[in-house]
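Here's the structure we're looking at; comments come further down.
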Amino acid sequence: MKILVVGASGTVGAAVVKALQSRHEILAASRSSQLSVDLRDEASIRDLYERIGIVDAVVCAAGGAPFISLPNASAADFEAGFADKLGGQINLVLHGIEHVSDRGSFTLISGVLAREPVATGVISSTVNGAVEAFVSAAATELPRGIRINAVSPSVLTESLGDYGDYFPGFESVSAANVSQAFVKSVQGVHTGRIHRIG
Ligand SMILES: NC(=O)c1ccc[n+]([C@@H]2O[C@H](COP(=O)([O-])OP(=O)(O)OC[C@H]3O[C@@H](n4cnc5c(N)ncnc54)[C@H](OP(=O)(O)O)[C@@H]3O)[C@@H](O)[C@H]2O)c1
């Protein structure tokens, strides 16, 4: 298969590429890669698809949202999260439908905060929950047998040094373990599934 991986250079994305690259052709994209895209910029998503043509699968392992406590959060802070991880991934699907082959797939990323809140994580929780709701609903309407799933991991063991303090008592999961959920989504038969890891 020909697979577009957005966020291919990140902690999650690099593990996904490693898990898929021996059997598939990977098109690696991010803001700083040769195949550049910025999820926050709809025009850059359209431009990316024009450059790559048709793919069999689109995988997203990118997108962020600000960590800020609810009393200190502004509407603009929420909008930033909506425009990046939520809107960016929705645009990846909207503009990608015509660029994904029959019975191809989309795999989006959400995260444990959709089901387990942490301090200052309210915007991420909102965004991750919305990504998962989008996937469930979009699966019922995608044409030509195109599937869509989300991978929703707990904090990665590899990221504990950066984010561990935000996730007290959470069991971490390895990037290699998380990557297998992406493999299942891309090569399997599920649609509308939220693959919860940890
Ligand atoms: N790490 C964890 O513990 C964990 C757990 C659960 C969920 N997640 C979710 O998994 C996703 C990836 O996390 P990560 O830890 O792998 O992040 P990361 O290591 O910071 O990597 C992010 C990747 O996405 C690219 N990227 C960042 N912003 C982008 C944008 N606006 N448009 C296009 N590409 C962009 C980065 O490359 P460039 O800088 O070149 O753009 C990089 O390839 C995030 O949505 C995160 O919320 C992570």
Margin query: I'm trying to understand the selection: among the residues of the range 44-77, which are within 14 Å of the ligand (Cβ to nearest atom) and farther than 17 Å from L4 by Cβ?
Written below: G64, A65, P66, F67
Notebook entry, point to check: How many of the residues making up the range 72-86 are among the hydrophobic types (A, V, I, L, M, F, W, C) and without any contact (Cβ under 8 Å) to a residue 12 or more places away in the chain?
Noted result: 2
Notebook entry, point to check: What is the residue count in the range 116-141 for residues that are more than 23 Å from P71 (Cβ to Cβ), in contact (Cβ under 8 Å) with a residue 24 or more places away in the chain and not in a helix (DSSP H, G or I)?
Noted result: 2
Next item on the list: Could you tell me which of the residues R147, R196 is in contact with a strand residue (DSSP E or B) (Cβ under 8 Å, 6 or more places away or on another chain) and open to solvent by 50 Å² or more (accessible area, probe 1.4 Å)?
Entry: R196
Check: For the range 72-97, how many residues are farther than 22 Å from S136 by Cβ and charged (D, E, K, R)?
Finding: 2
Note to self: I need every pair where a residue in the range 87-103 that is open to solvent by 10 Å² or more (accessible area, probe 1.4 Å) has its Cβ under 6 Å from the Cβ of a residue that is among the aliphatic types (A, V, I, L, M), sequence separation at least 6 or different chains.
What the structure shows: N91/I45; H95/I45; H99/I54; S101/I54
Checklist line | Given (1) under 17 Å from G13 (Cβ atoms); (2) away from the ligand (no atom under 11 Å from the Cβ); (3) open to solvent by 30 Å² or more (accessible area, probe 1.4 Å), number of the condition D162 does not satisfy | finding: (2)
Item checked: Failed condition for S174, given (1) polar (S, T, N, Q); (2) closer than 22 Å to L86 by Cα; (3) in contact with a Ser or Thr (Cβ under 8 Å, 6 or more places away or on another chain); (4) more than 10 Å from the ligand (Cβ to nearest atom) -> (2)
Item checked: Matching residues in the range 177-198 - criterion: being in a helix (DSSP H, G or I) and within 16 Å of the chain's Cα centre (by Cα) -> N177, V178, S179, Q180, A181, F182, V183, K184, S185, V186
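The values are calculated or read from the model by the stated rules, or taken from the named source; none is laboratory data. Just so we're clear, the structure is a prediction, and the values are computed from it rather than from any experiment. When we count neighbours, we look across all protein chains shown, and the Cβ atoms used for this are built from the backbone with ideal geometry, even at glycine. These accessible areas exclude ligands, DNA and RNA; they are computed on the full protein's heavy atoms, side chains included. Shrake-Rupley method; radii C 1.70, N 1.55, O 1.52, S 1.80 Å.
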